[in-house]
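Working notes, beginning with the structure itself.
The values are calculated or read from the model by the stated rules, or taken from the named source; none is laboratory data. Everything numeric here is computed off the predicted structure, so don't read it as measured data. Neighbour counts run over all protein chains shown; Cβ positions are idealised from the backbone, glycine included.
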Amino acid sequence: MIILIKKYVDFFSFSTIIYYKTIIFKVFTVKYMNNQSGILQLNSIKKNNRQALLRELYLGGPMSRVELSRRLNCNGTTTTRGIRNLMECGLVLEGQLEKIQQGRPRRILKFNSAKMKSIGIEISPGKIVAIIADLSGKILLRDQVRFSVDIESDELMACLDEVTDRLLAEVPKDERLGVGVATFGHFHHDSRIIEKAAGFHAIEHTDIEKHFIKKFNIKPEIIDGTLALAYNQTQTRQSGQGICVTLNLGRGIGHVVTINGKAVSTRDSHPGEFGHTSCEINGLLCSCGRRGCLETVSSIGALLKKVSEEYRPMEFDELCSTWHKNPVLTDIVNYAATYLAAGIANLINITVPDKLILCGELLKLGDQFTDKLKEQLKEYAIQQLIEYLDISIPKFDSYSISLGATSPLIRKFFE
Ligand SMILES: [Zn+2]
(Lines give C-alpha, C1' and ligand atoms only; values in the text may rest on other atoms or scores of the structure.)
Protein backbone atom coordinates (compact mmCIF):
# COMPACT_ATOMS: atom_id res chain seq x y z
CA MET A 1 0.00 0.00 0.00
CA ILE A 2 2.82 2.36 1.00
CA ILE A 3 4.63 1.46 -2.18
CA LEU A 4 1.51 2.17 -4.16
CA ILE A 5 1.04 5.58 -2.51
CA LYS A 6 4.74 6.36 -3.10
CA LYS A 7 4.37 5.42 -6.75
CA TYR A 8 1.25 7.56 -6.99
CA VAL A 9 3.03 10.54 -5.36
CA ASP A 10 6.02 10.07 -7.64
CA PHE A 11 3.76 9.89 -10.65
CA PHE A 12 1.80 12.97 -9.48
CA SER A 13 5.00 14.91 -8.81
CA PHE A 14 6.44 14.02 -12.19
CA SER A 15 3.20 14.98 -13.98
CA THR A 16 3.10 18.24 -12.04
CA ILE A 17 6.63 19.04 -13.01
CA ILE A 18 5.84 18.33 -16.67
CA TYR A 19 2.68 20.43 -16.39
CA TYR A 20 4.54 23.35 -14.78
CA LYS A 21 7.31 23.03 -17.35
CA THR A 22 4.68 23.29 -20.08
CA ILE A 23 3.24 26.43 -18.48
CA ILE A 24 6.70 27.94 -18.01
CA PHE A 25 7.53 27.14 -21.66
CA LYS A 26 4.24 28.63 -22.83
CA VAL A 27 4.74 31.80 -20.78
CA PHE A 28 8.27 32.08 -22.10
CA THR A 29 7.11 31.48 -25.69
CA VAL A 30 4.30 34.05 -25.47
CA LYS A 31 6.65 36.62 -23.94
CA TYR A 32 9.27 35.90 -26.57
CA MET A 33 6.75 36.13 -29.39
CA ASN A 34 5.35 39.39 -28.02
CA ASN A 35 8.80 40.87 -27.83
CA GLN A 36 9.52 39.80 -31.38
CA SER A 37 6.34 40.88 -33.12
CA GLY A 38 4.82 43.66 -31.01
CA ILE A 39 3.27 43.49 -27.57
CA LEU A 40 -0.48 43.07 -27.31
CA GLN A 41 -1.09 41.63 -30.72
CA LEU A 42 -4.68 40.84 -29.77
CA ASN A 43 -5.29 44.47 -28.85
CA SER A 44 -3.76 45.56 -32.16
CA ILE A 45 -6.18 43.30 -34.03
CA LYS A 46 -9.09 44.68 -32.01
CA LYS A 47 -7.93 48.23 -32.71
CA ASN A 48 -7.54 47.51 -36.42
CA ASN A 49 -11.02 45.99 -36.56
CA ARG A 50 -12.45 48.95 -34.68
CA GLN A 51 -10.75 51.44 -37.01
CA ALA A 52 -11.93 49.52 -40.10
CA LEU A 53 -15.53 49.59 -38.85
CA LEU A 54 -15.28 53.28 -38.02
CA ARG A 55 -13.68 54.15 -41.37
CA GLU A 56 -16.34 52.27 -43.32
CA LEU A 57 -19.15 53.99 -41.40
CA TYR A 58 -17.46 57.36 -41.94
CA LEU A 59 -16.94 56.87 -45.68
CA GLY A 60 -19.96 54.76 -46.59
CA GLY A 61 -22.49 55.04 -43.74
CA PRO A 62 -25.08 55.10 -42.35
CA MET A 63 -25.74 51.36 -42.57
CA SER A 64 -26.82 48.33 -40.55
CA ARG A 65 -24.48 45.87 -38.76
CA VAL A 66 -25.27 43.26 -41.43
CA GLU A 67 -24.32 45.64 -44.25
CA LEU A 68 -21.15 46.67 -42.40
CA SER A 69 -20.11 42.99 -41.96
CA ARG A 70 -20.80 42.34 -45.63
CA ARG A 71 -18.73 45.30 -46.81
CA LEU A 72 -15.77 44.45 -44.59
CA ASN A 73 -16.11 40.73 -45.21
CA CYS A 74 -16.06 39.96 -41.48
CA ASN A 75 -18.34 37.94 -39.20
CA GLY A 76 -21.26 39.35 -37.21
CA THR A 77 -19.60 38.75 -33.82
CA THR A 78 -16.57 40.87 -34.73
CA THR A 79 -18.85 43.66 -35.98
CA THR A 80 -21.13 43.53 -32.92
CA ARG A 81 -18.18 43.63 -30.49
CA GLY A 82 -16.41 46.43 -32.35
CA ILE A 83 -19.58 48.52 -32.67
CA ARG A 84 -20.41 48.03 -28.98
CA ASN A 85 -17.00 49.45 -28.12
CA LEU A 86 -17.38 52.37 -30.55
CA MET A 87 -20.85 53.17 -29.15
CA GLU A 88 -19.42 53.23 -25.62
CA CYS A 89 -16.86 55.80 -26.84
CA GLY A 90 -19.68 57.85 -28.40
CA LEU A 91 -18.22 57.55 -31.91
CA VAL A 92 -21.13 55.53 -33.30
CA LEU A 93 -24.82 56.21 -32.78
CA GLU A 94 -27.69 53.79 -33.25
CA GLY A 95 -30.49 55.23 -35.34
CA GLN A 96 -33.96 54.18 -36.45
CA LEU A 97 -35.10 50.71 -37.45
CA GLU A 98 -34.74 49.89 -41.13
CA LYS A 99 -37.59 47.77 -42.52
CA ILE A 100 -36.51 45.07 -44.91
CA GLN A 101 -38.56 42.73 -47.13
CA GLN A 102 -37.56 39.55 -45.31
CA GLY A 103 -36.38 39.05 -41.74
CA ARG A 104 -36.27 41.30 -38.72
CA PRO A 105 -35.92 45.09 -39.09
CA ARG A 106 -32.32 46.29 -38.65
CA ARG A 107 -30.95 49.19 -36.63
CA ILE A 108 -29.06 51.75 -38.68
CA LEU A 109 -25.64 52.77 -37.39
CA LYS A 110 -24.29 56.24 -37.91
CA PHE A 111 -20.81 57.70 -37.45
CA ASN A 112 -21.03 60.45 -34.82
CA SER A 113 -19.04 63.20 -36.53
CA ALA A 114 -19.91 65.71 -33.79
CA LYS A 115 -17.94 63.76 -31.17
CA MET A 116 -14.59 65.45 -31.90
CA LYS A 117 -13.66 68.84 -33.34
CA SER A 118 -10.55 70.13 -35.08
CA ILE A 119 -9.17 73.62 -35.48
CA GLY A 120 -7.77 74.52 -38.90
CA ILE A 121 -5.71 77.66 -39.48
CA GLU A 122 -4.43 79.09 -42.76
CA ILE A 123 -1.60 81.61 -42.59
CA SER A 124 -1.18 83.50 -45.84
CA PRO A 125 -0.04 86.97 -46.97
CA GLY A 126 -2.42 89.54 -45.50
CA LYS A 127 -4.66 87.21 -43.52
CA ILE A 128 -5.09 84.38 -41.04
CA VAL A 129 -8.22 82.37 -41.75
CA ALA A 130 -9.40 79.81 -39.21
CA ILE A 131 -12.23 77.36 -38.62
CA ILE A 132 -13.59 74.82 -36.19
CA ALA A 133 -14.86 71.71 -37.98
CA ASP A 134 -16.35 68.40 -36.92
CA LEU A 135 -15.06 65.02 -38.11
CA SER A 136 -17.17 65.15 -41.27
CA GLY A 137 -15.58 68.44 -42.32
CA LYS A 138 -18.63 70.51 -41.47
CA ILE A 139 -17.50 74.02 -40.53
CA LEU A 140 -18.95 75.01 -37.15
CA LEU A 141 -17.23 78.36 -36.69
CA ARG A 142 -15.31 80.75 -38.97
CA ASP A 143 -12.85 83.42 -37.92
CA GLN A 144 -10.22 85.60 -39.59
CA VAL A 145 -7.76 88.42 -39.04
CA ARG A 146 -6.51 90.68 -41.82
CA PHE A 147 -3.23 92.59 -41.80
CA SER A 148 -0.71 94.22 -44.11
CA VAL A 149 1.61 91.89 -46.06
CA ASP A 150 4.47 93.97 -44.64
CA ILE A 151 3.59 92.93 -41.08
CA GLU A 152 6.47 92.22 -38.68
CA SER A 153 7.07 88.68 -37.46
CA ASP A 154 6.12 89.32 -33.81
CA GLU A 155 2.90 91.06 -34.89
CA LEU A 156 2.03 88.09 -37.08
CA MET A 157 2.50 85.69 -34.15
CA ALA A 158 0.35 87.97 -31.96
CA CYS A 159 -2.44 87.73 -34.59
CA LEU A 160 -2.01 83.95 -34.67
CA ASP A 161 -2.28 83.76 -30.87
CA GLU A 162 -5.38 85.95 -30.88
CA VAL A 163 -7.23 83.72 -33.38
CA THR A 164 -6.06 80.48 -31.73
CA ASP A 165 -7.14 81.70 -28.27
CA ARG A 166 -10.61 82.53 -29.57
CA LEU A 167 -11.07 79.13 -31.24
CA LEU A 168 -9.63 77.06 -28.38
CA ALA A 169 -12.11 78.75 -26.05
CA GLU A 170 -14.94 77.34 -28.20
CA VAL A 171 -13.83 73.67 -28.06
CA PRO A 172 -13.83 71.78 -24.73
CA LYS A 173 -10.52 69.96 -24.11
CA ASP A 174 -12.07 66.47 -24.27
CA GLU A 175 -13.54 67.23 -27.71
CA ARG A 176 -10.31 68.54 -29.29
CA LEU A 177 -8.84 66.39 -32.05
CA GLY A 178 -6.02 68.88 -32.57
CA VAL A 179 -4.86 71.93 -34.47
CA GLY A 180 -3.79 71.92 -38.12
CA VAL A 181 -1.86 74.83 -39.64
CA ALA A 182 -1.62 75.40 -43.41
CA THR A 183 1.28 77.63 -44.31
CA PHE A 184 2.49 79.73 -47.18
CA GLY A 185 6.04 79.27 -48.43
CA HIS A 186 8.58 76.46 -48.29
CA PHE A 187 9.17 74.81 -44.99
CA HIS A 188 11.82 72.35 -43.88
CA HIS A 189 10.34 68.83 -43.85
CA ASP A 190 11.64 67.81 -40.41
CA SER A 191 11.69 71.06 -38.46
CA ARG A 192 8.61 72.54 -40.21
CA ILE A 193 10.35 75.92 -40.07
CA ILE A 194 9.42 78.10 -43.05
CA GLU A 195 12.61 78.78 -44.96
CA LYS A 196 11.34 81.00 -47.77
CA ALA A 197 8.04 82.76 -48.40
CA ALA A 198 8.23 85.15 -51.35
CA GLY A 199 6.45 88.41 -50.59
CA PHE A 200 5.58 87.39 -47.01
CA HIS A 201 8.78 87.75 -45.03
CA ALA A 202 7.13 87.87 -41.57
CA ILE A 203 6.55 84.10 -41.71
CA GLU A 204 10.12 83.25 -42.77
CA HIS A 205 12.23 81.43 -40.12
CA THR A 206 9.27 81.20 -37.71
CA ASP A 207 8.97 77.96 -35.74
CA ILE A 208 5.20 77.63 -35.54
CA GLU A 209 5.35 74.20 -33.89
CA LYS A 210 7.65 75.39 -31.11
CA HIS A 211 5.53 78.51 -30.65
CA PHE A 212 2.32 76.45 -30.30
CA ILE A 213 3.88 74.05 -27.82
CA LYS A 214 5.21 76.91 -25.69
CA LYS A 215 2.08 79.05 -25.83
CA PHE A 216 -0.75 76.47 -25.93
CA ASN A 217 0.92 73.16 -25.02
CA ILE A 218 -0.37 71.76 -28.33
CA LYS A 219 1.73 70.21 -31.11
CA PRO A 220 0.08 71.31 -34.36
CA GLU A 221 0.07 69.43 -37.67
CA ILE A 222 1.78 71.73 -40.19
CA ILE A 223 0.96 71.31 -43.85
CA ASP A 224 1.61 73.15 -47.13
CA GLY A 225 -1.40 75.32 -48.10
CA THR A 226 -1.92 73.83 -51.58
CA LEU A 227 -1.62 70.31 -50.17
CA ALA A 228 -4.28 71.23 -47.59
CA LEU A 229 -6.53 72.45 -50.41
CA ALA A 230 -6.02 69.22 -52.39
CA TYR A 231 -6.80 67.08 -49.33
CA ASN A 232 -9.95 69.10 -48.76
CA GLN A 233 -11.07 68.49 -52.35
CA THR A 234 -10.28 64.77 -52.36
CA GLN A 235 -11.36 63.84 -48.84
CA THR A 236 -14.28 61.56 -49.64
CA ARG A 237 -14.03 58.17 -51.37
CA GLN A 238 -15.91 59.45 -54.40
CA SER A 239 -14.24 62.87 -54.78
CA GLY A 240 -10.73 61.47 -54.40
CA GLN A 241 -11.08 58.53 -56.77
CA GLY A 242 -8.42 58.08 -59.46
CA ILE A 243 -5.73 60.57 -60.50
CA CYS A 244 -6.72 64.12 -59.55
CA VAL A 245 -4.83 67.33 -60.22
CA THR A 246 -5.86 70.10 -57.83
CA LEU A 247 -4.80 73.61 -58.79
CA ASN A 248 -4.60 76.52 -56.41
CA LEU A 249 -4.85 79.66 -58.54
CA GLY A 250 -4.43 82.92 -56.69
CA ARG A 251 -1.62 85.18 -55.46
CA GLY A 252 0.59 82.15 -56.19
CA ILE A 253 -0.06 79.18 -58.48
CA GLY A 254 0.30 75.69 -57.04
CA HIS A 255 -0.69 72.14 -57.90
CA VAL A 256 -0.97 68.75 -56.20
CA VAL A 257 -1.44 65.37 -57.83
CA THR A 258 -3.37 62.80 -55.79
CA ILE A 259 -4.14 59.15 -56.48
CA ASN A 260 -7.19 57.92 -54.57
CA GLY A 261 -6.83 60.83 -52.16
CA LYS A 262 -3.11 60.31 -51.49
CA ALA A 263 -0.65 62.97 -52.64
CA VAL A 264 2.04 61.80 -55.05
CA SER A 265 5.01 63.55 -56.67
CA THR A 266 5.69 65.34 -53.40
CA ARG A 267 9.01 65.31 -51.61
CA ASP A 268 9.52 66.49 -48.05
CA SER A 269 5.87 67.70 -47.96
CA HIS A 270 6.61 69.87 -50.96
CA PRO A 271 4.06 69.37 -53.74
CA GLY A 272 6.04 71.01 -56.56
CA GLU A 273 6.36 74.38 -58.21
CA PHE A 274 3.87 74.62 -61.04
CA GLY A 275 3.75 78.41 -60.66
CA HIS A 276 7.48 78.61 -61.26
CA THR A 277 7.56 76.63 -64.49
CA SER A 278 8.98 78.78 -67.28
CA CYS A 279 6.50 80.11 -69.82
CA GLU A 280 8.33 83.12 -71.28
CA ILE A 281 12.05 83.06 -72.07
CA ASN A 282 13.62 86.23 -70.62
CA GLY A 283 10.21 87.24 -69.29
CA LEU A 284 9.46 89.30 -66.20
CA LEU A 285 11.47 88.86 -63.00
CA CYS A 286 9.73 86.46 -60.60
CA SER A 287 9.74 86.44 -56.77
CA CYS A 288 11.82 83.22 -56.98
CA GLY A 289 14.64 85.20 -58.60
CA ARG A 290 14.26 83.71 -62.09
CA ARG A 291 12.53 85.13 -65.15
CA GLY A 292 9.39 84.23 -67.09
CA CYS A 293 7.65 81.95 -64.56
CA LEU A 294 3.91 81.29 -64.98
CA GLU A 295 3.27 83.34 -61.84
CA THR A 296 4.70 86.44 -63.57
CA VAL A 297 1.91 86.20 -66.16
CA SER A 298 -1.15 84.48 -64.67
CA SER A 299 -1.21 85.08 -60.90
CA ILE A 300 -3.39 87.75 -59.29
CA GLY A 301 -0.28 89.83 -58.55
CA ALA A 302 0.83 89.68 -62.20
CA LEU A 303 -2.63 90.67 -63.43
CA LEU A 304 -2.89 93.64 -61.07
CA LYS A 305 0.62 94.78 -62.01
CA LYS A 306 -0.22 94.73 -65.71
CA VAL A 307 -3.59 96.43 -65.12
CA SER A 308 -1.81 99.15 -63.16
CA GLU A 309 0.76 99.67 -65.93
CA GLU A 310 -1.60 99.58 -68.91
CA TYR A 311 -4.80 101.01 -67.43
CA ARG A 312 -4.84 102.22 -63.81
CA PRO A 313 -4.23 100.71 -60.34
CA MET A 314 -7.18 98.77 -58.94
CA GLU A 315 -8.04 96.12 -56.37
CA PHE A 316 -8.69 92.54 -57.51
CA ASP A 317 -12.40 92.68 -56.57
CA GLU A 318 -12.86 95.69 -58.85
CA LEU A 319 -11.07 93.89 -61.69
CA CYS A 320 -13.38 90.88 -61.21
CA SER A 321 -16.50 92.98 -61.63
CA THR A 322 -15.29 95.19 -64.51
CA TRP A 323 -12.82 93.33 -66.75
CA HIS A 324 -15.37 91.86 -69.19
CA LYS A 325 -16.90 95.32 -69.83
CA ASN A 326 -13.59 96.97 -70.70
CA PRO A 327 -11.60 95.97 -73.85
CA VAL A 328 -8.18 96.83 -72.33
CA LEU A 329 -8.88 94.78 -69.21
CA THR A 330 -10.42 91.96 -71.28
CA ASP A 331 -7.20 91.66 -73.30
CA ILE A 332 -5.08 91.56 -70.13
CA VAL A 333 -7.25 88.85 -68.50
CA ASN A 334 -7.48 86.78 -71.70
CA TYR A 335 -3.68 86.92 -72.09
CA ALA A 336 -3.28 85.56 -68.53
CA ALA A 337 -5.92 82.87 -69.21
CA THR A 338 -4.13 81.73 -72.39
CA TYR A 339 -0.77 81.26 -70.67
CA LEU A 340 -2.41 79.56 -67.70
CA ALA A 341 -4.30 77.19 -70.03
CA ALA A 342 -1.09 76.30 -71.88
CA GLY A 343 0.61 75.55 -68.54
CA ILE A 344 -2.32 73.42 -67.29
CA ALA A 345 -2.42 71.58 -70.65
CA ASN A 346 1.25 70.63 -70.15
CA LEU A 347 0.36 69.31 -66.71
CA ILE A 348 -2.52 67.26 -68.18
CA ASN A 349 -0.28 65.87 -70.90
CA ILE A 350 2.29 64.80 -68.30
CA THR A 351 0.06 63.47 -65.50
CA VAL A 352 -2.93 62.07 -67.50
CA PRO A 353 -5.46 62.85 -64.76
CA ASP A 354 -9.04 61.59 -64.42
CA LYS A 355 -10.07 64.83 -62.78
CA LEU A 356 -8.90 68.43 -62.82
CA ILE A 357 -10.01 70.54 -59.84
CA LEU A 358 -9.67 74.28 -60.33
CA CYS A 359 -9.67 76.27 -57.08
CA GLY A 360 -8.48 79.61 -55.80
CA GLU A 361 -9.20 83.30 -55.65
CA LEU A 362 -8.32 83.86 -59.33
CA LEU A 363 -11.59 82.11 -60.24
CA LYS A 364 -13.46 85.07 -58.77
CA LEU A 365 -12.94 86.47 -62.29
CA GLY A 366 -16.09 84.49 -63.05
CA ASP A 367 -17.58 82.16 -65.66
CA GLN A 368 -16.23 84.10 -68.63
CA PHE A 369 -12.70 83.52 -67.33
CA THR A 370 -13.20 79.80 -66.67
CA ASP A 371 -14.93 79.38 -70.06
CA LYS A 372 -11.92 80.98 -71.74
CA LEU A 373 -9.62 78.70 -69.76
CA LYS A 374 -11.53 75.55 -70.77
CA GLU A 375 -11.67 76.64 -74.41
CA GLN A 376 -7.90 77.15 -74.46
CA LEU A 377 -7.28 73.86 -72.65
CA LYS A 378 -8.94 72.04 -75.54
CA GLU A 379 -6.52 73.75 -77.87
CA TYR A 380 -3.32 72.98 -75.97
CA ALA A 381 -3.92 69.57 -74.36
CA ILE A 382 -3.86 66.28 -76.27
CA GLN A 383 -7.43 65.69 -77.45
CA GLN A 384 -7.75 62.13 -76.08
CA LEU A 385 -6.65 63.32 -72.64
CA ILE A 386 -8.97 66.34 -72.41
CA GLU A 387 -12.00 64.60 -73.97
CA TYR A 388 -12.81 62.43 -70.95
CA LEU A 389 -11.30 64.71 -68.34
CA ASP A 390 -13.67 65.64 -65.54
CA ILE A 391 -13.09 69.37 -64.90
CA SER A 392 -14.46 70.43 -61.54
CA ILE A 393 -14.68 74.06 -60.41
CA PRO A 394 -15.96 74.13 -56.83
CA LYS A 395 -17.55 77.36 -55.63
CA PHE A 396 -14.83 79.63 -54.26
CA ASP A 397 -14.67 79.36 -50.48
CA SER A 398 -12.04 81.39 -48.63
CA TYR A 399 -12.12 78.78 -45.81
CA SER A 400 -11.26 75.69 -47.90
CA ILE A 401 -7.49 75.78 -47.12
CA SER A 402 -8.10 76.17 -43.36
CA LEU A 403 -10.55 73.28 -43.57
CA GLY A 404 -7.94 71.25 -45.48
CA ALA A 405 -5.48 71.98 -42.65
CA THR A 406 -7.58 69.65 -40.48
CA SER A 407 -7.17 66.76 -42.99
CA PRO A 408 -3.92 65.35 -41.49
CA LEU A 409 -5.64 65.23 -38.08
CA ILE A 410 -8.66 63.38 -39.49
CA ARG A 411 -6.49 61.01 -41.53
CA LYS A 412 -4.47 60.15 -38.41
CA PHE A 413 -7.65 59.63 -36.42
CA PHE A 414 -8.79 56.89 -38.82
CA GLU A 415 -5.40 55.19 -39.16
ZN1 LIG B 1 9.37 81.93 -60.25
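Within the stretch 199-221, how many residues turn out to be in contact with an Asp or Glu (Cβ under 9 Å, 6 or more places away or on another chain) and of a type in the set (G, A, S)?
Of the residues in that region, 1 qualify.
For a quick check of your reading of the model, give me the residue pairs whose first member lies in the stretch 292-311 and is assigned by TED's automatic domain parsing to the domain that holds N282 and among the hydroxyl-bearing types (S, T, Y), whose second is modelled with pLDDT of 95 or more and away from the ligand (no atom under 14 Å from the Cβ), with beta-carbon atoms closer than 7 Å and at least 6 apart or on different chains.
Cβ pairs passing all conditions: S298/A336; S298/L340; Y311/V328; Y311/L329.
Here is a check on your reading of the model: is G76 more than 25 Å from P172 (Cβ to Cβ) and surrounded by 15 or more Cβ atoms within 10 Å (Cβ to Cβ)? Step through it out loud before you land on a result.
Working: more than 25 Å from P172 (Cβ to Cβ): yes; surrounded by 15 or more Cβ atoms within 10 Å (Cβ to Cβ): no.
In short, no.
Anything in the stretch 270-285 that is closer than 21 Å to A197 by Cα and more than 8 Å from the ligand (Cβ to nearest atom)? List them, or say none.
First pass over the stretch 270-285, keeping only residues closer than 21 Å to A197 by Cα: 270-278, 284-285.
Matches in the stretch 270-285: H270, P271, G272, F274, T277, S278, L284, L285.
Select, from L93, L4, L57, the only residue that is of a type in the set (A, V, I, L, M), assigned to a helix (DSSP H, G or I), on the phi < 0 side of the Ramachandran plot and at pLDDT 50 or above. Break it down stepwise before answering.
Values: L93 fails: assigned to a helix (DSSP H, G or I); L4 fails: at pLDDT 50 or above.
On inspection, the qualifying residue turns out to be L57.
Of everything in the stretch 235-266, what is more than 28 Å from S287 (Cα to Cα) and without any contact (Cβ under 8 Å) to a residue 60 or more places away in the chain? Give them in sequence order.
Result: Q238, S239, G240, I259, N260, G261, K262.
Tell me which strands (runs of 3 or more DSSP E) are completely within the stretch 195-262 and hold 2 or more residues being modelled with pLDDT of 90 or more and in contact with a Leu (Cβ under 9 Å, 6 or more places away or on another chain), or say none if there are none.
Those strands (runs of 3 or more DSSP E) span 243-249, 253-259.
Going by the structure shown, is R142 closer than 25 Å to G254 by Cα, of a type in the set (D, E, K, R) and modelled with pLDDT of 95 or more?
Yes; evaluated as a whole, the condition is true for this residue.
Within the stretch 391-407, how many residues are surrounded by fewer than 21 Cβ atoms within 10 Å (Cβ to Cβ), touching a strand residue (DSSP E or B) at 6+ places or on another chain (Cβ under 8 Å) and over 22 Å from L304 (Cα atoms)?
Taking the stretch 391-407 as the starting set, the residues that turn out to be surrounded by fewer than 21 Cβ atoms within 10 Å (Cβ to Cβ) are 391-399.
Imposing the further condition that a residue be touching a strand residue (DSSP E or B) at 6+ places or on another chain (Cβ under 8 Å) reduces the set to 391-394, 396, 398-399.
Restricting the remaining residues to those that are over 22 Å from L304 (Cα atoms) gives 391-394, 399.
Adding up the residues that qualify gives 5.
Restricting the search to the stretch 286-317, which residues are within 9 Å of the ligand (Cβ to nearest atom), more than 29 Å from the chain's Cα centre (by Cα) and surrounded by fewer than 16 Cβ atoms within 10 Å (Cβ to Cβ)?
Hits for the stretch 286-317 are G289, R290, R291.
Do you know which residues across the stretch 133-157 are of a type in the set (V, I, T) and either surrounded by 16 or more Cβ atoms within 10 Å (Cβ to Cβ) or on the phi > 0 side of the Ramachandran plot (or both)?
Once the filter is applied, which keeps residues that are of a type in the set (V, I, T) and either surrounded by 16 or more Cβ atoms within 10 Å (Cβ to Cβ) or on the phi > 0 side of the Ramachandran plot (or both), the stretch 133-157 yields I139, V145, I151.
For the stretch 249-264: of the residues being in contact with a Gly (Cβ under 9 Å, 6 or more places away or on another chain) and closer than 19 Å to D354 by Cβ, which is farthest from the ligand (Cβ to nearest atom)?
N260
Just give me the residues in the stretch 360-390 being assigned to a strand (DSSP E or B) and crowded, with 16+ Cβ neighbours inside 10 Å, in sequence order.
Selection gives nothing.
On the basis of being closer than 25 Å to G185 by Cβ, under 32 Å from the mean Cα position of the chain (by Cα), near the ligand (Cβ under 10 Å from one of its atoms) and modelled with pLDDT under 95, does R267 make the cut?
no
Filter the stretch 318-337 for residues that are more than 14 Å from L362 (Cβ to Cβ) and either small (G, A, S) or surrounded by 18 or more Cβ atoms within 10 Å (Cβ to Cβ) (or both) and give the result.
Residues satisfying the conditions are S321, L329.
Does the stretch 158-175 hold any residues that are touching a residue at least 40 places away in the same chain (Cβ under 8 Å) and surrounded by fewer than 17 Cβ atoms within 10 Å (Cβ to Cβ), and which are they?
Going residue by residue through the stretch 158-175, those that are touching a residue at least 40 places away in the same chain (Cβ under 8 Å) are 160-161, 163-164, 167-168, 171, 175.
Listed by number, the residues that qualify are D161, L168, E175.
Which one of the conditions (1) of a type in the set (V, I, T); (2) buried (at least 17 other Cβ atoms within 10 Å of the Cβ); (3) more than 21 Å from T226 (Cα to Cα) does I357 fail to meet, given that it meets all the rest?
(3)
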